[in-house]
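Just below is one structure, and these are the notes that go with it.
The values are calculated or read from the model by the stated rules, or taken from the named source; none is laboratory data. Quick caveat, the model's predicted, so the values are computed rather than measured. No Cβ is skipped: glycine too gets one built from the backbone with ideal geometry, and neighbour counts run over all protein chains shown. Please note that ligands, DNA and RNA were not included when accessible areas were found on the heavy atoms of the full protein model with its side chains. Shrake-Rupley method; radii C 1.70, N 1.55, O 1.52, S 1.80 Å.
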Amino acid sequence: ISDQKPLGCWSVKHGQILTCPVVCNFETHEYIAVHDDKVLRIWKNEDMNLDKAFKATLSADVYRIHSLPHGGPLVLFRGGGVRTLDVLLEAPQQEIENVTSDEAIRWSGAFMEGQQPVLIFTTEKDGDFFVYIQKPKLSSVHKYKLEQQESAKPLCFTAHITNQTATLLCLYSNDSVYQVLIPLQQDTEEEEEEEEEEEILSKTLLLKLLVSGAVLKGTSLVVLDKDHIAVLGSVAVDGKEAKEYLTIWNTKFQTLQTSKELPLGTSGQLWCYEEKFFLIHGKVLTVIMYKCETSSLAAAVGKLKGHQTSDVSSFVNWNTLEDEELLVSFQSQKSVPLQAESTMNLRSRRSTVAEEKPHTLSFVQLFLNFKDAPTYVLETKLKRMMARAPTLDVQATIGCVVTALTDRCRRNPKHYPQNFLQEIVETWNLSYSLCPDLMAVALEKKDLHLLQICLERFPDIPEEITYACLKTFLSISEAHLQTMDVDLDSAICYIDVELDDKEVKTEIVENGFSAEMDQDMCDTKIPNESQSRSSAESCPVGLQKAALLNAVLHSAYTETFLLPHLKNLPAQQAILFLRYLYYLYVKCSEKVNTTLPGTRSPTINQIMDWMCLLLDAQFTVMVMLPEAKELLSNLHKFVRAQVRFYSQLNKIEGSLQELQRLNHLRESQSYSIEVLEII
């Protein structure tokens, strides 16, 4: 998520529907999915085709699969039956009991109590709500009925287990959160006899959801720890349009810890995992880091009226909103979210916070004090402060510095610290996500050297930015490039340049390629020897442009997301890029190990992948353009010759292996001369 890169994608056949969320088996590192209610699929990350994955058809409809880190996956069926995955796979068609008596499941959650997995789910029937607690490994089931409330009904649930007690939190339609405590019973014979008698669970009011005096209409809630919950909802004030908020509450002291408006809207769903919130904000998945400290009354003083609506940046990592203040933008990118004195900090931790706060604020104060100062003055101040940055936070701090510098560049185009930015990127191990505006500013300024460095070093560059860099590199003239500072190490070792910047022609002996041998294999007219040698030997671009294109070849990408952008590449630029890729392909084939000399030179796999990708995106254009005909013909001949050459090698592979076997059988001390005929 931090690199914003999809790692895998699988799809079911047309007409099939995934009917419950996919989960990961922590023990086997496999994915588990259910489609069409009863068909179970299990596959690993390296499996490409979901249709060929393990398949098991079950005897009952599945409601949800829960995966526990140390308890294994649990399968909850719509009828309330629960099985561990291992037991279910032993006999997929085993009969599943109906526990819920035609009740509809509304929510479920899985937890660990010691070494035993526990599954809690709620159901509804005719306006009544029920709670079930199951221990699958002990075949234990307990059913309870929730206390009714005429004026309101539960909207959503969440739970946690502490000290053998299950705490069920219910968000009701009257804008309140109620708490239900359920002791985790030990099964006895008496309980089994009284199983038919449903115990009614009483609830207690935990919170009234009020934000600055206005009612919060909650849509989702999650438990952060035993004293804190998060509620996602909307607030309408004085008849105005409702605004959505993420709020964090202290349930121990019934106070609002902090809240943040979500101006782009949400889907109404909120997830929490490993101290991170996940929610849909606008059209993107937003991940918000948080850190809960032990709740204390001192930390909650002054927070009873719900006025703290602006300090969420000291509590979480919030990167989605575009118009953050400078102070917020600094704090939102810190790897340790609790920097300032937050309502969720322990008093015992105040000394640590006090040490961190001046450093963070000093950066902010520096930019505020020197926002109009000359660039060299600001650079000097920043270098001194960066040298004193805490080791734990240095990467995030440098990312904040770069972000603030790029913001300054956009506000005042005259201020562009080119050398300073290049020095930062070369010195520190940054990523695109730490300074997302840096490459956009570099594209505006045509700072090719900085773009080259970013392409070579950033692991998470979006495909749109990679394409923008490629288009920019191809569009700039060779004459202009010669006046610019570019790192040539990746290209200078295999492109020999004379004083007039013309490449020195050297004889090329390609692995398995012969124009005479291949002449009868291609229907296209073969150009004469000089034309063929010229197209194969001379680099179609200058040394500077070659080095820049090599940086693009090194950048990581996902084919699905890059292909639509490459389709928009102008035809002449696409042909030029393909000619360069063909040149690199021929150069690699000169060497037995298919490796180009130099530092950060493209690999044969990178060249082939980009060549295939470009042909997929531009094939129709290439076929229609007369100037691309000769290039495609030469490329076609060369590839076919390579295939033929390696095919011939494969034919004698068996004979070579036999020779190797005979050598092992022969006595090592004997001497002989043998002539073996390879047929």
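Things worth noting here:
- The residues in segment 402-425 that are of a type in the set (Asp, Glu) and in contact with a helix residue (DSSP H, G or I) (Cβ under 6 Å, 6 or more places away or on another chain) can be counted, and the count is 0.
- Residues of segment 620-648 that are surrounded by fewer than 18 Cβ atoms within 10 Å (Cβ to Cβ), farther than 18 Å from residue 608 by Cβ and touching a residue at least 24 places away in the same chain (Cβ under 8 Å): 621, 625, 627, 629, 630, 648.
- Looking only at segment 450-462, residues that are open to solvent by 30 Å² or more (accessible area, probe 1.4 Å) and free of Cβ contacts under 8 Å to residues at least 60 places away in the same chain come to 1 in all.
- Within segment 46-58, the residues that satisfy the criterion of being among the aliphatic types (A, V, I, L, M), part of a loop (DSSP other than H, G, I, E, B) and closer than 18 Å to residue 9 by Cα are 48, 53.
- Within segment 273-282, one or more residues are among the basic types (Lys, Arg) and free of Cβ contacts under 8 Å to residues at least 24 places away in the same chain.
- Residue in segment 415-437 that is modelled with pLDDT under 80, under 21 Å from residue 472 (Cβ atoms) and open to solvent by 10 Å² or more (accessible area, probe 1.4 Å) present: no
- As for segment 619-641, it holds at least one residue that is over 18 Å from residue 575 (Cβ atoms) and either outside the structural domain of residue 567 (by the TED database) or at pLDDT 85 or above (or both).
- Take the conditions (1) at pLDDT 80 or above; (2) open to solvent by less than 60 Å² (accessible area, probe 1.4 Å); (3) among the aliphatic types (A, V, I, L, M); residue 659 misses just one of them, which is (1).
- Candidates 144, 178, 172 - the one that is open to solvent by less than 50 Å² (accessible area, probe 1.4 Å) and either at pLDDT below 90 or touching an Asp or Glu at 6+ places or on another chain (Cβ under 6 Å) (or both): 144
- Residues satisfying the stated conditions in segment 59-86, i.e. among the acidic types (Asp, Glu) and not in a loop (DSSP other than H, G, I, E, B): 86
- From 28, 84, 57, 19, residue being surrounded by fewer than 19 Cβ atoms within 10 Å (Cβ to Cβ), over 24 Å from residue 130 (Cβ atoms), β-branched (Val, Ile, Thr) and in contact (Cβ under 8 Å) with a residue 24 or more places away in the chain: 57
- Of the residues making up segment 565-572, at least one is charged (D, E, K, R) and either surrounded by 13 or more Cβ atoms within 10 Å (Cβ to Cβ) or modelled with pLDDT of 85 or more (or both).
- Residue match in segment 88-100 (condition: in a helix (DSSP H, G or I), open to solvent by less than 10 Å² (accessible area, probe 1.4 Å) and of a type in the set (A, V, I, L, M)): yes
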